[in-house]
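Visitor: Got a structure for you, written out below as structure tokens; questions coming shortly.
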Amino acid sequence: MRETDPGGRLTFNVARLLAEGPGASRAFPVAGVMLDLGDELRQADPLEGTIHAVRTNRGLLVTGRLETSLEGSCSRCLEDIEVPITIDLEEEVLPSVDPATGAPIDTSSEPDVLRLTDHHELELGETVREAISLAEPIAPLCRPDCPGLCAVCGAELSSGPHDHPDSAIDPRLEVLRSFRADRPS
Ligand SMILES: [Zn+2]
Ligand SMILES: [Zn+2]
């Protein structure tokens, strides 16, 4: 079974921070988080890093750097590898209820902005999932100079030089072979 982020180690209560004035800040450590990334992506290592939230006039400015690695395969030799990725977050997050009165805020003028929950929680699960998808390298390599696979036999070239029966063939037989191939059957 895939381990997921059940109740939100990427969810942070920011009620106290909202009650403070602009400029107040908090740091939220992130450790050991495995997300459900769908069918295409799997984390090889848990997320680690720190989320910083700064109180602004309007809400919060959320920044952070998180590191993890994804299960992948080398785009040249197809070997299974772990692909390290770093994601940098920078999001303005606005309340959905007035922090002072609890009254709902009209969010229709800014429908695309990330919102805190009604309970003053910062939920970053979906944002982080998206950032991981975007950070996935298109053609990861097991090492920068991976020589890939032999075009003739498909063997890994990193395992050393190798011969083929074709290249070791007796030159006289080679002549015979091409002669036969040229003959109409
Ligand atoms: Zn490789
Ligand atoms: Zn080969």
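Visitor: Quick one: how many residues across segment 140-161 are under 16 Å from Ser69 (Cβ atoms), out of contact with any strand residue (DSSP E or B) (no Cβ under 6 Å at 6 or more places or on another chain) and among the hydrophobic types (A, V, I, L, M, F, W, C)?
Guide: The total comes to 1.
Visitor: Could you figure out which of (1) more than 30 Å from Ala151 (Cα to Cα); (2) at pLDDT below 95; (3) touching an Asp or Glu at 6+ places or on another chain (Cβ under 8 Å) isn't true of Leu60?
Guide: The single condition Leu60 does not satisfy is (2).
Visitor: So is Arg26 touching a Gly at 6+ places or on another chain (Cβ under 7 Å), modelled with pLDDT of 95 or more and closer than 23 Å to Thr101 by Cβ or not?
Guide: no
Visitor: Then there is this: How many of the residues in segment 54-71 are farther than 16 Å from Val93 by Cβ and touching a His at 6+ places or on another chain (Cβ under 8 Å)?
Guide: Of the residues in that region, 0 qualify.
Visitor: Working only within segment 24-49, note down all residues that are of a type in the set (A, V, I, L, M, F, W, C) and within 12 Å of the chain's Cα centre (by Cα).
Guide: Those that are of a type in the set (A, V, I, L, M, F, W, C) and within 12 Å of the chain's Cα centre (by Cα): Met34, Leu35, Leu37, Leu41, Ala44, Leu47.
Visitor: Same structure again: Could you please find all residues in segment 33-49 being small (Gly, Ala, Ser), surrounded by fewer than 19 Cβ atoms within 10 Å (Cβ to Cβ) and modelled with pLDDT of 95 or more?
Guide: Hit for segment 33-49 is Ala44, nothing else.
The values are calculated or read from the model by the stated rules, or taken from the named source; none is laboratory data. Predicted model, so just to flag it, every value in this text is computed and none were measured. Positions of Cβ are generated from backbone atoms using ideal geometry, with glycine treated the same way; all protein chains shown enter the neighbour counts.
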